[in-house]
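Here is the structure we will look at, set down as structure tokens.
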Amino acid sequence: MLALVARAAARPCGLLKQTPLNKVVGRFQLHQEALPPLPVPPLQQTLDRYLLALQPIISPEELSHTRELVAEFRKPGGVGERLQKGLERRARKTENWLSDWWLKTAYLEYRLPVVVHSSPGVVLPKQDFLDRQGQLRFAAKLIEGILDFKTMIDNETLPVEYMGGKPLCMNQYYQILSSCRIPGPKRDSIVNYAKGKKQSRHITVVHNFQFFELDVYNSDGSPLTADQLFIQLEKIWNTSLQTNKEPIGILTTNHRNSWAKAYNNLLKDKTNKESVRTIEKSICTVCLDAPMPRVSEDVYKSHVAAQMLHGGGSRLNSGNRWFDKTLQFIVAEDGSCGLVYEHAPSEGPPIVALVDHVVKFTKKAEMDKSPTVHLPMPKKLRFNITPEIKNDIEQAKQNLNIMVEDLDIKIWVFHQFGKGFPKSEKISPDAFIQLALQLAYYRMYGRACATYESASLRMFRLGRTDTIRSTSVHSLNFVQSMDSPDKSDQEKADLLRRATQAHREYTDMAIRGNAIDRHLLGLKLQAIEDLVSMPELFMDTAYAVAMHFNLSTSQVPAKTDCVMCFGPVVPDGYGVCYNPMEEHINFAISAFNSCADTNAARMAHYLEKALLDMRSLLQAAPKSKL
Ligand code: COA
């Protein structure tokens, strides 16, 4: 998405107040207010498109049954129209009719652990240090970069992003620092300390499962330099040489209901409460990890991805995290690094924009020499562990280790070409990659499946995402033809091009707020809110099939040669994330070992073959007249 996003600085506006420190007071607010509200798509359009989307993934008999349900739902004066009116009323009364609902249903009320099931990781290129000095030096520069980015957020000077010439909602940038998820018995919540008198001044540093509060500002308000940060990190390192017996952070890996109970228990103690609040309030967390176990070059990146997603288990680095914290940068002693982030406040692109910024700082050769000022010792956060808390930690450890065993993750670089090739063929690279995923899946399973690709809704105020349904009648036509002896190369290439066009059309429709998934969800939630009985349409097997995303995918482009990764969203599915660079594509593919039918490495193998076969096909067949 950032590929289309021109990072242009916002035009200065006459109404804005300028302060001496280049702070642009009110710019964020003015920018936000100028954005259009998210539209409610027309009801009939969504229902027609829903039937079309079902065609490649359900049987003709099921489809004919669903047609009847749709016909009933869409009748003039029927339940569909009533719910649609409710949605339109909601849209008039709120800043964004979807955003609160989405935050709750997709994140805060989702009860599975955030680890693997929700929080994405980012794998950064391996750094060339191999010891503690290198680790701390890198971490110091990284923190300096984060603070520089934070200054742009605080001063409201962050460049506004554009997509297809349209300015984007910048709200997510204001939510990623100084925030934390808090577990609740039925629903979690998010706290944010980015603004006002309670604004955060510290980061949390974790080393050997021990947590520290590191104040990152001088008394005059200036951020600590990398040099100063290095000294402070060394102090932390030297006072936490032994691994803590109780990895308190492991509690955050648990099922949300269990964690909510353990959280209440933990916070009964005043010291524990203060320590937890300090972590929650901090700007972000920096995890100084123990070195990863040595593995061969070909599986190294996949192991780093696992470290980012879950920390490697209770015996490795999982206790060196607070998974509720929105942003956790991870720097291991062996040069492995990346981050994990809690998904509720933001999508990947703002996180990756921060990564691109921070990575520039880590490449700075020399650390700035700053005058020696005495800085206080960072405060160690203490925890009193009662037998009950110890028991909660033990349970969380067991559950986590099962999850660690279950995650099958493969990071893979496709070297043969990058987005340059589809572009040279006048094809959208994203559509090309999505179609390759369709082909790979079809070749593996002999059928198409419901496929989710994230589409940004940030053209609208407080916009998050909708779904691009990559499986279409056109994609199915192509994948069925690809290995068919009855079709010529020319026919296959024409079907390929037609399918990529259909994908691009769906993408354009989605980013303009006219996709079907969030609209259908809105109609369903409106029915719950109106206390009317649930329309049959949402109780239908076809609806369940449509929502069972065996392929959950996302493009998260970055300037840095990195890749984001996340777990599958269904037990028998794949999570696929990719960063298409000009000459190569970074892929992260995940699956669950407990599912006998899925295998990340096998999917990578089929995907590679699909990408290569599609290129050969286009090169063999002359350009079509489509
Ligand atoms: N011919 C030649 N070039 C083309 C082309 C065509 N037919 N179609 C697209 N391109 C070019 C684009 O101009 C762009 O060029 P650039 O690399 O110079 O910027 C590049 O190819 C990429 O375009 P495309 O592959 O079509 O993707 P996109 O940048 O439009 O992104 C989405 C598509 C769906 C990923 C994006 O719209 C989006 O919504 N991203 C959100 C992702 C997100 O939020 N993820 C959440 C993760 S938690």
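Points worth noting:
- Counted over the chain, the DSSP beta bridges are approximately 75% antiparallel.
- With Cα atoms, 0 to 90° folded angle of helix 43-54 axis to the chain main axis: 90 degrees
- Ranking by accessible area, most exposed first, for S99, S258 with a 1.4 Å probe: S258, S99
- Length gained when the stretch Q199-S488 is fully extended (0.36 nm per residue, less Cα-Cα span): 97.6 nm
- Only helices enter this figure: runs of n ≥ 4 DSSP H residues, each worth -39500 (n - 2.57), summed and divided by the residues of the chain, yield -13000 deg cm²/dmol at 222 nm to the nearest 500.
- Of the cross-linked pairs K104/K261; K141/K410; K325/K363, those separated by over 21 Å at the C-alpha level are K141/K410; K325/K363.
- Spacing of the modelled spin labels on D597 and T151, each 7 Å from Cα toward Cβ, amounts to 5.4 nm.
- Placing R0 at 45 angstrom, the Cβ-Cβ distance between E583 and E81 gives a FRET efficiency of 0.30 after rounding to 0.05.
- Rg/Rh for the chain, where both radii come from Cα atoms and Rh is the Kirkwood radius: 0.97
- With a Förster radius of 25 Å applied to the C-beta separation of D100 and E33, the computed FRET efficiency comes to 0.85.
- Per-residue packing, averaged as other Cβ atoms within 10 Å, sorts the ranges 300-309, 199-208 into the order 300-309, 199-208, beginning with the highest.
- At full extension, K360 and M534 could sit 57.5 nm farther apart than now, given 0.36 nm per residue minus the alpha carbon distance.
- Full extension of the segment from D572 to E394, taken as 0.36 nm per residue of separation minus the current Cα-Cα distance, would add 61.2 nm.
- Pairwise label distance in nanometres, L375 with N22, each label 7 Å out on the Cα-Cβ vector: 2.3 nm
- Given R0 = 51 Å, the distance between the Cβ atoms of E234 and R187 translates into a calculated FRET efficiency of 0.80.
- Helix 60-73 axis versus longest C-alpha principal axis of the chain: approximately 80°, rounded to the nearest ten.
- Shape class for region 408-471, computed from the alpha carbon gyration tensor (a ≥ b ≥ c): oblate, with a/c not under 1.5 and a/b at or below b/c.
- Partners of K623 within straight-line reach, counting aspartates and glutamates whose Cα lies under 13 Å from its Cα and excluding those fewer than 8 residues away in the same chain: E425, D489, E491, D494.
- Calculated from backbone phi, Karplus (6.51, -1.76, 1.60) coupling profile of region 260-271 in Hz, x at Gly/Pro: 4, 5, 5, 4, 4, 5, 4, 7, 5, 8, 5, 5
- Karplus 3J(HN,Hα) series, Hz, for region 397-413 with 6.51 cos²θ - 1.76 cosθ + 1.60 (x for Gly, Pro): 4, 4, 5, 4, 4, 5, 4, 4, 5, 7, 7, 10, 10, 10, 9, 8, 9
The values are calculated or read from the model by the stated rules, or taken from the named source; none is laboratory data. Treat the numbers as computed from the prediction; the structure is a model and nothing was measured. Virtual Cβ from ideal backbone geometry, glycine too; neighbours counted across all protein chains shown. Accessible surface is based on the protein model in full, side chains and every heavy atom, while ligands, DNA and RNA are left aside. Shrake-Rupley method; radii C 1.70, N 1.55, O 1.52, S 1.80 Å.
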